Ligand code: MG
């Protein structure tokens, strides 16, 4: 079954796709599964991981308990998976690989979104810093421990490469983010696989559109504030529906569709360019990752411009909205407090983290513990460690 599946990939996928039969493999050698390809197996490992389940209770933009209708990191991730699969399928890239990468892409995020990430980075400045992509690799290589024979999920090199957005494997290994066995891939490719490029774009398409959607629904954004943004104006003026909520949904649907269609068309145009294909053939070798080629999955120049406008609008009007900033400031204080308390009293951490203190610097262990928390757990911990008297009062 697996062999048939692998064969079908080789026959039907684009020569630019990453075929599972050509995977560079795993950190710890394992028997292949009789049915599933290597990337299908990675997808399943990710779905069953603890870090994946916790995404349900982590903030995207709106703090988790603000409303049941807003996106969380889990629903964001699922939207990214869906968009990535569509793009990968249209481009005849490896859908399973894109799916697994998309499921993994936000695993390293802290509770409370970006404000917590930046405060953790400041606190960790003399201990190698903190960055969610790097932390994602730490999660799948070291912190998830469901298997008896090794630490981590033992994912393939290709799926793990989604975390090398900001730094190379060599750099991440040196800074303690990757399993020490990672040096096996030290001479690995320097280029981002096309399936990872797809996930990057899908991530951006998903959050642009759902942040507008949630922003409008929450009332933090208004249709009139958005009107000067040409791309929004275009989709909103074509939107149909008998009431504002259906029209908003229709506009968001059109926005996703416009962006996905643009990526597919632009990428097909670039791939068809003989200069690209000959460079790919010359450098590609057996594994497409072995080629050091420029990014090819991308928006057209016009859409790139529209995307930049949309992002800077969201940054000014939504991510810096006073009520979002207020939550961020609260989050900042909680992370600072938790970090300080666990540093002074490591015995307050969960046992599997205390056990890591034997072989890892305490700042890193504390940062792992905090980064893995859900919004709710971080808040409860903060209150119970710093204001124990308020707990009794609350329950009375
Ligand atoms: Mg994301």
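Observations on the structure shown:
- Ratio Rg/Rh [Cα only; Rh per Kirkwood] for region 55-208: 0.97
- Taking 1.567 mPa s as the viscosity and 4 °C as the temperature, the Stokes-Einstein diffusion coefficient of region 77-156 based on its alpha-carbon Kirkwood radius rounds to 91 µm²/s.
- Cα-Cα P(r), region 134-177, percent of pairs per 5 Å interval: 5, 25, 32, 25, 10, 3, 0
- Cβ crowding within 10 Å averaged over residues, with 237-246, 354-363 ranked highest first: 354-363, 237-246
- For region 362-384 versus region 108-171, the gap between their alpha-carbon centres in whole angstrom: 15
- Per residue of the chain, the DSSP helices (runs of n ≥ 4 H) give a summed -39500 (n - 2.57) that works out to -18000 deg cm²/dmol at 222 nm.
- Computed as a quarter of the hull surface, the mean projected area of the alpha carbon convex hull for the chain stands at 21.9 nm².
- Cα-only Debye scattering, region 299-360: base-10 log of I(q)/I(0) at q = 0.18, 0.21 Å⁻¹: -0.74, -0.84
- The alpha carbon convex hull volume per residue for region 6-63 rounds to 145 Å³.
- Equivalent ellipsoid semi-axes - Cα gyration tensor, region 1-143, angstrom: 31, 18, 13
- Note on region 237-283: Cα-only Rg and Dmax are 17.8, 56 Å.
- Alpha-carbon gyration tensor eigenvalues x 5, square-rooted, for region 197-246, Å: 21, 13, 12
- Hydrodynamic radius of region 67-107 per Kirkwood, over alpha carbon pairs, in Å: 10.5
- Both radii are taken from the alpha-carbon atoms of region 223-356; with Rh as the Kirkwood radius, Rg/Rh is 1.18.
- Semi-axes of the equivalent ellipsoid for region 146-251, Cα gyration tensor, largest first, Å: 43, 15, 12
- Across all C-alpha atoms in region 328-396, the radius of gyration and Dmax reach 12.6, 43 Å.
- Each residue in 281, 121 was given a count of other beta-carbon atoms within 10 angstrom of its own, and listing them fewest first yields 281, 121.
- Summary value for the chain: 19 percent relative contact order, contacts being C-alpha pairs under 8 angstrom separated by 6+ residues.
- Calculated on C-alpha atoms, the gyration radius of region 121-204 divided by its Kirkwood radius gives an Rg/Rh of 0.97.
- Sequence of 2, 253, 138 once ranked by neighbouring C-beta atoms within 10 Å, starting from the fewest: 253, 2, 138
- Length released on extending from residue 242 to residue 384, taking residue separation times 0.36 nm less the Cα-Cα span: 46.3 nm
Read-outs: derived from the displayed coordinates by stated rules, not from any lab. Bear in mind that the values here come from a model prediction, so they are computed numbers and not experimental data. Reconstructed Cβ throughout: ideal geometry from the backbone, glycine too, with neighbour counts over all protein chains shown.
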